[in-house]
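A short reminder: the numbers here are calculations on the coordinates, not readings from a lab. Note that the structure is predicted; figures quoted are calculated from it, not measured. Don't worry about glycine lacking a Cβ; one is built from the backbone with ideal geometry, like all the others, and counts go over all protein chains shown.
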């Protein structure tokens, strides 16, 4: 019996298969315990034996904004869930993301809002049993993730094509091809200008 089949066992038989699949995906999207069960053995070993914390012991610098103080999360699904819950504090705007680089064992995510005017970079350490409950300065966090807003891989044309890539990764990781619709409505012309400026500064 596969993971999703086991998750559906003993569920309400009156629900349609489609409804149940979306319910299962939402449950997985917000449960570190279930997420950790989907990890391959070698990665699960590192994740489950990582530090259970909101901030790493000995971390220095700005939380999430400096590579020396990365955000602890649990594996790629933890990255996907955590970042999909973030909103900009000043405007409440959602942010959309992809993984632009890796520094050592730290993943670097590039984020942008729908207007294409706000670009940011966050550092994430995925080798921990759960995601941090803390959020970086400049952000707030929703109580739960509903739709994925980015991917855990690099999108060379970012943010163009992001909506399609999100659906592809969601199908792979969650079992359903869903994505936040606004990820396909990002102002691409403004985004290109903002990204070019920020990438020169951060050297990405």
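Figures for the structure shown
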{"quantity": "Segment 161-204 versus segment 37-94: alpha-carbon centroid distance in Å", "calculated": "19 Å"}
{"quantity": "Cα-based shape type of segment 97-204, given that a ≥ b ≥ c are square roots of the gyration tensor eigenvalues and the cut on a/c is 1.5", "calculated": "rounded"}
{"quantity": "Extension gain (nm, one decimal) between residue 17 and residue 89, 0.36 nm per residue minus Cα-Cα", "calculated": "22.1 nm"}
{"quantity": "Net length gained if the chain between residue 143 and residue 168 were fully extended (0.36 nm per residue, minus Cα distance)", "calculated": "6.5 nm"}
{"quantity": "Relative contact order (%) - criterion: Cα under 8 Å, at least six apart; region: the chain", "calculated": "22 percent"}
{"quantity": "Ranked 48, 83, 28, 56, criterion: other C-beta atoms within 10 Å, fewest first", "calculated": "48, 56, 28, 83"}
{"quantity": "Degrees between helix 75-84 axis and first principal axis of the chain (Cα, 0 to 90, nearest 10)", "calculated": "70 degrees"}
{"quantity": "Spherically averaged projected area in nm², based on the convex hull that wraps the Cα atoms of the chain", "calculated": "11.8 nm²"}
{"quantity": "Cα convex hull of segment 54-124 - mean projected area over all directions, nm²", "calculated": "4.9 nm²"}
{"quantity": "Distance between modelled label sites at residue 49 and residue 115, nm, 7 Å Cα→Cβ extension", "calculated": "4.8 nm"}
{"quantity": "Of 32, 41, 72, the one that fluctuates the most in a GNM where the chain has Cα springs shorter than 10 Å", "calculated": "41"}
{"quantity": "Between 0 and 90°, nearest 10: helix 162-174 axis offset from the chain longest Cα axis", "calculated": "40 degrees"}
